[in-house]
Structures are given as C-alpha cells and as structure tokens.
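The values are calculated or read from the model by the stated rules, or taken from the named source; none is laboratory data. Computed from a predicted structure; not experimentally measured. Counting neighbours? That spans all protein chains shown, and the Cβs are built from the backbone with ideal geometry, glycine included.
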Amino acid sequence: MIGRSSPLLRGLRLLVLTFGAGVILFPFIFMISTSFKPQAEVFSAGLSLIPTGSAALDNYTKALTRIPMGRILLNGVVVCAAIVLFQIVFALPAAYALAKLRFRGREILFGLVLLGLLVPIHAISIPLYAAARMLNLLNTLAVLIIPFTLSVFAIFLFRQFIRAIPDDLIHAARSDGLSEAAIVWRIILPNAWPAASAFAIFSVVAHWNDLYWPLIAISKTQLATPPLGLLFFRAAEVGDDYGALMAATVVITTPLVLFFLFAQRLFIEGVTMTGLKG
C-alpha cells in the first residue's frame, strides 16, 4: 500500500505538476522565443524554440520605438492604480455596512450586489459610451477609470471577510468613541488587508489586460493602455512582423508578471484567509 508521503507518490505528483506547468508556460516560452527570431525564421516550416539566428535587438527596438511604449505602460499603471484605489475606497464601507450594520433592506441590497456580479461590461457598454460622449470624457484616462470605480465583486469579497471579524472588536471601538467611518479605516481595513491585497491583484490583472472598453473609448495612441497599444503596434507593423509583435507583447506582459511574482505571497494569503473566513 502506497503511503501519502511515499517517494513514488511524491514523484508522481511532481511529474503531474511539472507537466501542467509546462503546458501553461509553453505559450509564454514560445512568445519569448519568437521575439528573438528574424522574420524568415518565424515562418519557417519547422518549429524550434531555440532561434538559429538572432534578431532580438531589431525586434525589441521596433517594439520600443514604433509606438510610445513608455507612455503606454505608464497609462496602464495609472489606470490600474486609480481603479484599485477607488474600488477599495468605495467597496470597503459598503461591505462593512452589509456585514455588520443592522438596517431594513440589508439582505435585499446584498441580493442586488450578487445580481450585479452577473452583469458583464459588454451589457452596459453602449449606455456607458453614450454617457462618456455626453460628458466629453472620450479619449481621456478618466473614461478608463470612472466606469470601474465601483466593484460589486470587491463588495462581495470584503463582506465575506468582514463577517468573520468579531463583533466584540467593533463594540469595543464604538465604546472608545470611534465613529463608523473611523471603524472602517482604522479597524476593518487593517484586519481585511489580506482580502484587499488579493482583490488588488485580481483587479490589476483584469484591467491591465482589458481591451474591450479601451478599444471603444480610446482612439489616440498616447492614451492607449497596454493591450490597445499592442493593437496599435500591430496596425503600424501591418500585422506581418511577428518577431517585433512578440517583442512588444513581452514588454507589455513583463510588468504584470513581475507584479504578480512580487505579490504572490499576499495573493495566496488573501485567497486562503478569505476562503476560510467566508
């Protein structure tokens, strides 16, 4: 009988995990490999991950100069950071009210929050576009931020976490004279920081990779976010220089990968604690 800690079982588990990791990482490895290849080798009949000739300098030079890559990456950072900040600022008090305050209609409001989880951005993109056009917000960074400042997913996630915070802690804070707003920012936020960190990573990944709404609201290259900038780059390259296109993709993907690697401990901690306390 094979024990849970037997060498055979550990080896089998490692083999399965290695295979799964290889399947997931292969597209990224292929992308990096293609970014080093000259144009003729990209369209060669054979498939090789190791380039026989190197065009890395030419490809990455095109990626960094054909479009304002630095400005595009900065746009992505500004938009994602602003969205996360506003989402937490608005969602945390709402989640606190739904989790800890007693008032008529609380469960109905929470039901509406759950209903909001089912509404995709595609369903409301036309009225959002019409409102943005009416307010002269098209082709501004504000139009990329404002529609996402309220996140029903953040409200749901924070509510599930806040429910596990002991009521005695909140009663003690009230006894010390703290207002409800002070309780949210001085008591709830420090305790809910793991959930906030996990949500921030979800939000940054989603909005850094978002192409749908920027494609509708932005037509200027200087205001493009990374995925839209990649689309503009492909248009500038007439869509056939795949070595340079993969180099631009590597440049745009790298900050997100580094961000996730830097924050993965907080992400795992936040997801685990939220799952246990939900």
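Side notes on the structure shown:
- Number of positions in the range 153-191 that are of a type in the set (Lys, Arg) and within 23 Å of LEU115 (Cα to Cα): 2
- Residue ID - surrounded by the fewest Cβ atoms within 10 Å (Cβ to Cβ), chosen from residues in the range 138-176 that are touching a residue at least 12 places away in the same chain (Cβ under 8 Å) and small (Gly, Ala, Ser): ALA164
Matching residues to (1) at pLDDT 90 or above; (2) surrounded by fewer than 16 Cβ atoms within 10 Å (Cβ to Cβ); (3) part of a helix (DSSP H, G or I):
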{"position": "PHE202", "(1), (2), (3)": "no, no, yes"}
{"position": "SER219", "(1), (2), (3)": "yes, yes, no"}
{"position": "GLY239", "(1), (2), (3)": "no, yes, no"}
{"position": "LEU256", "(1), (2), (3)": "no, no, yes"}
{"position": "MET273", "(1), (2), (3)": "no, no, yes"}
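- Which listed residue is in contact with a Pro (Cβ under 7 Å, 6 or more places away or on another chain) and in a helix (DSSP H, G or I), from LEU57, LEU64, LEU73: LEU73
- Per the listing LEU118, LEU128, the residue uniquely closer than 30 Å to GLY229 by Cα and modelled with pLDDT of 90 or more is LEU128.
- Set ALA182, ALA248, ALA164, ALA195: member being more than 25 Å from the chain's Cα centre (by Cα) and assigned to a helix (DSSP H, G or I): ALA182
- Test: ALA97 is among the aliphatic types (A, V, I, L, M) and either under 30 Å from TRP193 (Cβ atoms) or assigned to a loop (DSSP other than H, G, I, E, B) (or both): yes
Residue-wise test of (1) farther than 26 Å from VAL77 by Cα; (2) in contact with a helix residue (DSSP H, G or I) (Cβ under 9 Å, 6 or more places away or on another chain); (3) among the aliphatic types (A, V, I, L, M).
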position	(1), (2), (3)
ASP167	yes, yes, no
ILE170	yes, yes, yes
ILE187	yes, yes, yes
ALA198	no, yes, yes
ILE216	no, yes, yes
SER219	no, no, no
ALA224	no, yes, yes
LEU231	no, yes, yes
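- Long-range neighbours under 9 Å by Cβ, at least six apart or interchain, first residue part of a helix (DSSP H, G or I) within the range 110-137, second exposed (fewer than 14 other Cβ atoms within 10 Å of the Cβ): ILE121/TYR212; HIS122/TYR212; SER125/TYR212; LEU128/ILE121
- For GLY229: the one exception among (1) over 22 Å from the mean Cα position of the chain (by Cα); (2) at pLDDT 85 or above; (3) not β-branched (Val, Ile, Thr): (1)
- Against the list (1) surrounded by 17 or more Cβ atoms within 10 Å (Cβ to Cβ); (2) under 30 Å from LYS100 (Cβ atoms); (3) modelled with pLDDT under 90, the condition SER179 fails is (1).
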